[in-house]
Structures are given as C-alpha cells and as structure tokens.
Amino acid sequence: MTDLSNSHEALLRNRDLLTGRLVLLGVSSPALIARLPAGGIAVSERWGDYQQLDGNPHWQPVFGYAADALAAGIADTVVIFMPKAKAELALRLGLARWLLAPGGKVVVVGEKKEGIAGAVTLLKNIADDPVKVDSARHCQVWLGHPQPATTFDLADWHQWHPVERAGVGFRVCGLPGIFSDGRLDDGTALLLDWLARSPVRGPVLDFACGAGVIGTWLQLWQRQRGETPAPVDGVDVQAQAVWCARETYREAGVEGDIRASDGLAGVTGHYRTILSNPPFHTGVRTDTGITARFLQDAARHLLPGGELRLVANTFLPYEEPMKRFVGPVAVLHRDKRFTIYSAKRH
C-alpha cells in the first residue's frame, strides 16, 4: 500500500526527468520527497503539509509563494502539481518561469479530474515545445522548456474587490486559489448582518479567516459607531489567505495578528469571542473534519463565558459537537441554506 496521491505516484514513474536543482510546487507528501533523487525546495501552500515536509535534511520546505528561499534562476527543473483552481496554476507557472535557470524545464503533473487537460493550454502559452511524456494512474505528465522570466511579484497577482455590508465598505485583497475570491460569500454576509444586530465583545479570533473580511468589517463597524475597535486576530491554513488577510487589514487600517495554523494548533491566546465561517470541503468532497477538530479545541481558547459564533450550511451537523465541546447552543438564524450558531463556554 502507498500513502502517495496518484499525481505523486505518476511523478515517481518519471523521476528521470528530475535533473539538476529541483523545486516542487504544490507537493503535499513527505513520503514523495524521501523517494526522489538528490534534494531541493518543496513548496506547499497548505500549512499542515508544509509542517510535514520539514525534517528531511535534503529538502528545504517553503510555505507559500513569497518566501525568501524562492529566487530567480535557482532551479533547473520545476515540478508543478495541479492546484484546485485553474487560476492558481497560472500563478504557479509564472513563479516557475522566474525560478528557472536558462535551459531549465517545467514538469506539470495532475489527474484528469483535476483538469490536467486544460492545463496544457496554459503550458503552451509559455513553452513552444510542450509534450506529454506519460499517462498513468489517471494522470498525465507534461514537459516544457519555457523562457525564464526576469521578475515575479506576488503583489502583481492581487485582485482587489469591494465589500459592503450594513453600511460598512472596504476593499478585500484576493489571490488565485483563495476561497470566495472576488465576491462576498453568502454565509459570511449573513454572519456580518448578525454581528450588526447582536454585537460581540473582544478580544476576537477569526478562525479560517480567508482574506480577512470578518475582522476588517467588525473593526470598521465598531469605528463607525464611535467605539474603539478591538483587534481581531485571524488564522488560516492557506498561504494565500494569510497573505491576503494581512493586505486587507493593512489597506483598511485595522489591527490583528494574522498567522498560519492547522486548526488552532498555532494559537496561544484566549478570546472573549471566536467567529468563523469554517470550510467543509476537501477538493470537491464534503469534509467536516477540520471544523470538528476546531470545535474540540475552541473551548481552550475561550475565556470563561466566552462565545463561539459560526455560520454553516444548514445540512452540516455542528450543533451537537458545539454543545458537547463548548457549551449551551442557541440558533440565532436558520433557513434552507445557512444556520448561525452561538455557543457559550461552560
């Protein structure tokens, strides 16, 4: 039995392509890098994956696309694993061109269900000679030799969009691959409406903060009411989210510590309120495991009498674990799409 994904297995079948200095973009398994020749840089945009990659003396783990370890011309071969969002593939290709030394090559690996066929078009835009070198385990492996790029700046990929709710407006920073990029998520909009109706007390933590919408809105709303805003800390597992939340906070002039964390493992503070519109997908599959672990840990970070308030799709079974792990639960709102829960710590 193997613990590798199909795309990681497909790369192993073609390890002869991996020559010179290596950079892997989107790698998720330490078992893969342990079986690859030589060593190099392994980049992940997921905090949990990044932490697991640490510990191999031949590989340098990197979190996200703006780390100091990434520099022009450092790679002879860049491997790109297919991300969930096609727009994020374009970003990875742009980064790969900057990382490549003259004469270097790009290897793109992905499953058919991930859209590897569509990735070929993007690869052809930067390389004149892309060729499919393998097709196995429901995956394809493509090879190209693009011209290296002279610059790469993550800020060039920013996509700013306006948000307005309950009379409070501001701009939100987006990047390819981030949740709800370019629009205000309906669940988050509902949660903001209820924060205006039923205010919360600080200090506040925004779990799975995304681009920082909740923390920014809450502080601007308090400021508009003549109150002194309480800083809102935020955590997220995704590098793009951490980057965007910091940029959104910076532009709006609000405060809070934004950091990467797998669940609440990286959180040390205690809060009067924890807010969240938690994720429930892994790819296209419903997965409530992240939120289940969050609910188990939340009470440890709530001050006595503190409140956990979250919005979730109504079909998701969160009420019972909130009662079990946090305390008495009130349903502030419920319709066919969303429910807003409020649990008070025992």
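The values are calculated or read from the model by the stated rules, or taken from the named source; none is laboratory data. Keep in mind that what you see is a predicted model, and the values were worked out from it rather than measured. Using ideal geometry, Cβ is built from the backbone for each residue, glycine included, and neighbour counts are taken over all protein chains shown. Ligands, DNA and RNA are stripped out before the accessible areas are found, and what is left, the full protein with its side chains, is counted by its heavy atoms. Shrake-Rupley method; radii C 1.70, N 1.55, O 1.52, S 1.80 Å.
Before moving on, here are some points about what is shown:
- Among the residues of region 42-87, those identified as β-branched (Val, Ile, Thr) and assigned to a strand (DSSP E or B) are VAL43, VAL62, THR77, VAL78, VAL79, ILE80.
- For region 316-330, a residue qualifies if it is in contact with a strand residue (DSSP E or B) (Cβ under 9 Å, 6 or more places away or on another chain), under 15 Å from ASN277 (Cα atoms) and open to solvent by 40 Å² or more (accessible area, probe 1.4 Å), and exactly one does: GLU319.
- Among residues of region 99-128 that are in contact (Cβ under 8 Å) with a residue 24 or more places away in the chain, those with a beta-carbon under 6 Å from a residue that is crowded, with 19+ Cβ neighbours inside 10 Å and of a type in the set (Ser, Thr, Tyr) at least six positions away or on a different chain give the pairs LYS105/THR77; VAL109/SER7; GLY110/SER7; GLU111/SER7.
Residue by residue, here is whether (1) assigned to a strand (DSSP E or B); (2) more than 20 Å from the chain's Cα centre (by Cα); (3) more than 20 Å from SER198 (Cβ to Cβ) holds:
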residue: GLU247; (1), (2), (3): no, no, yes
residue: PRO278; (1), (2), (3): no, no, no
residue: ARG293; (1), (2), (3): no, no, yes
residue: ASP297; (1), (2), (3): no, yes, yes
residue: LEU316; (1), (2), (3): no, yes, yes
residue: GLU320; (1), (2), (3): no, yes, yes
residue: GLY327; (1), (2), (3): no, yes, no
residue: LEU332; (1), (2), (3): yes, yes, no
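- All strands (runs of 3 or more DSSP E) inside region 88-162 with 1 or more residues being polar (S, T, N, Q): 131-136, 139-144
- Filter pass, VAL43 being open to solvent by less than 40 Å² (accessible area, probe 1.4 Å) and in contact with a Phe, Trp or Tyr (Cβ under 8 Å, 6 or more places away or on another chain): yes
- Taken together, ASP54, ASP3 contain a single residue that is open to solvent by 20 Å² or more (accessible area, probe 1.4 Å), touching a strand residue (DSSP E or B) at 6+ places or on another chain (Cβ under 9 Å), at pLDDT below 95 and among the acidic types (Asp, Glu), which is ASP54.
- Scan of region 6-34 for residues that are surrounded by 15 or more Cβ atoms within 10 Å (Cβ to Cβ) and either in a loop (DSSP other than H, G, I, E, B) or aromatic (Phe, Trp, Tyr) (or both), ordered by number: ASN14, LEU18, ARG21, GLY26, VAL27, SER28, SER29
- Qualifying residue in region 2-11 (condition: farther than 26 Å from PHE179 by Cβ and under 22 Å from the mean Cα position of the chain (by Cα)): yes
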